[in-house]
1. Considering only segment 186-216, how many residues are within 15 Å of the ligand (Cβ to nearest atom), closer than 23 Å to SER428 by Cβ and in a loop (DSSP other than H, G, I, E, B)?
2. Looking at GLY162, GLY182, which is the one that is closer than 23 Å to VAL100 by Cβ and in contact (Cβ under 8 Å) with a residue 60 or more places away in the chain?
3. If you scan segment 108-120, which residues turn out to be crowded, with 18+ Cβ neighbours inside 10 Å and modelled with pLDDT under 95?
4. Specify which of the listed residues (ALA421, ALA357, ALA379) is in a helix (DSSP H, G or I) and within 16 Å of the ligand (Cβ to nearest atom).
5. As an exercise: evaluate VAL342 against (1) within 16 Å of the ligand (Cβ to nearest atom); (2) at pLDDT below 95; (3) not polar (S, T, N, Q) and give the number of the one condition it does not meet.
6. If we keep just the residues of segment 217-268 that are in a strand (DSSP E or B) and within 16 Å of the ligand (Cβ to nearest atom), which is surrounded by the fewest Cβ atoms within 10 Å (Cβ to Cβ)?
7. Against the conditions (1) modelled with pLDDT of 95 or more; (2) under 30 Å from VAL65 (Cβ atoms); (3) small (Gly, Ala, Ser), where does GLY356 fall short? Just the number, please.
8. Every residue in segment 160-185 that is farther than 19 Å from LYS47 by Cα and either buried (at least 24 other Cβ atoms within 10 Å of the Cβ) or within 16 Å of the ligand (Cβ to nearest atom) (or both), please.
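The values are calculated or read from the model by the stated rules, or taken from the named source; none is laboratory data. Just so it is clear, the model here is predicted, and its values are computed rather than measured. Glycine gets a Cβ as well: all are built from the backbone with ideal geometry, and neighbour counts include every protein chain shown.
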Amino acid sequence: MSHPAPSLFSGRLKRPSRVLRSLLVSLGAIWVPLGAAAATPSQAALKAEVERQVPASIRQLGEMVSIDSGSSDAPGLKAMANYLDARLTALGASVERKPVPPAAGDMLVATLHGKRANNGGPRFLLLAHMDTVYQSGTAAKWPFAIKGDIATGPGVSDDKGGIAVVLGTLEMLRKLGFGDYGTITIAFNPDEEIGSPGSRHLIEQLGAEHDYVLSCEPGGKQRILATSGIATLSLKVEGKASHAGVAPQDGRNALVEAADIIGRTAALSDPAKGFKFNWTIAQSGSKHNIIPDLAEATADIRYIDEADVTATMAHLRQLAAAPAVEGTRVSFTLGRNRPPMVPTDKAREMAKVAAGAGREFGYPITILDKPFGGGSDAAYAAVSGKSGVVESFGLGGEHAHTLGEETADLGSMPSSLYVMARTIVLLSGR
Ligand SMILES: [Zn+2]
């Protein structure tokens with residue numbers, strides 16, 4: 001690519017006049033905006049920037065892990081939001097805090113406008129969550145620590161590692177002067193670990209408004225195109241209490257009825273179809289000598305195809321209509337959690353680009369296009385079906401949600417930074 005001679009331009013002239021452009025064309029020169037020419041980083045330039053960025057990103061990761069921000073920890077979530085607001089503002093983003101009740105903290109939505117903001121440039125959404133599963137005071141007892149390539153601390157991979165990758169990527173793109181995108185929106189929510197009850201609708205809306213969503217749950221060596229839908233099934237059996245020793249015949253045993261239903265539905269799973277139905281909670285009875293008049297149980301459901309849920313509910317309604325213990329009343333309630341995420345063409349395109357970036361970096365990435373049973377906010381972002389959504393741009397890690405054991409693989413930091421930045425650069429060029 002040839003550059004127009006600098007002498008033809010005065011200062012920061014953004015675009016030559018039509019006369020000048022036709023002159024350049026006649027001279028065989030190709031018009032390249034100055035910024036853009038400098039701003040499409042080569043692989044080498046990006047790799048060098050990654051090397052410079054890693055220490056700062058590890059330091060930021062430590063700073064964030066030191067801020068307790070459990071899903072119900074309002075002051076902690078506020079401290080995280082303050083920290084990130086300052087970082088994102090320094091990166092040139094306009095930052096908004098959006099209340100998302102019933103979440104204990106605000107959602108942070110920040111926007112960077114690229115050179116192609118009004119010109120059909122691609123719109124990226126970078127999604128990660130500020131909350132952790134750990135209570136206030138955890139960071140003091142279990143502080144951020146690094147041994148070799150492994151860092152530990154509350155939320156170190158889930159999801160402060162994901163946030164560190166976002167901040168580091170934006171910092172690198174800024175230093176490289178890259179702005180060939182339309183917009184980059186950064187969304188950090190405060191309630192992912194409790195199912196995103198407050199931020200869900202905003203994430204769905206943002207997902208519909210962007211072309212590409214890079215969701216930043218822990219990833220490392222994999223990126224994910226599909227996640228399971230999650231639902232819960234609550235069973236309630238109402239019977240009649242009576243004395244178990246004196247007049248058991250007067251009772252209607254809710255526990256026995258519940259056990260019968262649980263036994264008859266214990267094998268509904270169809271793993272080949274990604275359908276998993278497992279009873280996980282049961283409660284009944286209070287005294288050994290009373291026939292229980294109430295039994296409740298909960299099953300966890302993972303699914304890809306809504307039809308499997310519909311068929312299961314129909315089956316359960318049949319069981320409810322004809323209880324084995326006469327005189328008991330059986331009811332089922334379906335609770336919806338995250339919907340399934342199904343890969344779109346755009347998501348497959350993104351994954352291909354990310355996998356290519358991984359190869360360039362010598363850090364091959366596996367693309368998972370079948371759900372493994374987990375769910376994430378990426379599914380909300382994908383609800384509209386308009387955007388490409390790929391999950392797991394965060395750091396590699398293990399034992400998420402486990403006190404004293406959660407780790408992040410800092411060895412995955414360079415590749416995570418490279419892959420996210422390179423994916424944005426390459427998709428911006430399309
Ligand atoms: Zn997470």
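1. 1
2. One residue alone meets the criteria, GLY162.
3. The one that is crowded, with 18+ Cβ neighbours inside 10 Å and modelled with pLDDT under 95: LYS115.
4. Working: ALA421 fails: within 16 Å of the ligand (Cβ to nearest atom); ALA357 fails: within 16 Å of the ligand (Cβ to nearest atom).
Exactly one residue qualifies, and that residue is ALA379.
5. (1)
6. So in segment 217-268, the residues in a strand (DSSP E or B) come out as 222-224, 227, 229-238, 240, 242-243, 252.
Next, only the ones that are within 16 Å of the ligand (Cβ to nearest atom) stay: 222-224, 227, 230.
Values: GLN222: 15, ARG223: 25, ILE224: 27, THR227: 29, ILE230: 22.
Among those residues, the one meeting the criterion is GLN222.
7. Unmet condition: (2).
8. Residues satisfying the conditions are LYS160, GLY161, GLY162, ILE163, TYR181, ILE184.
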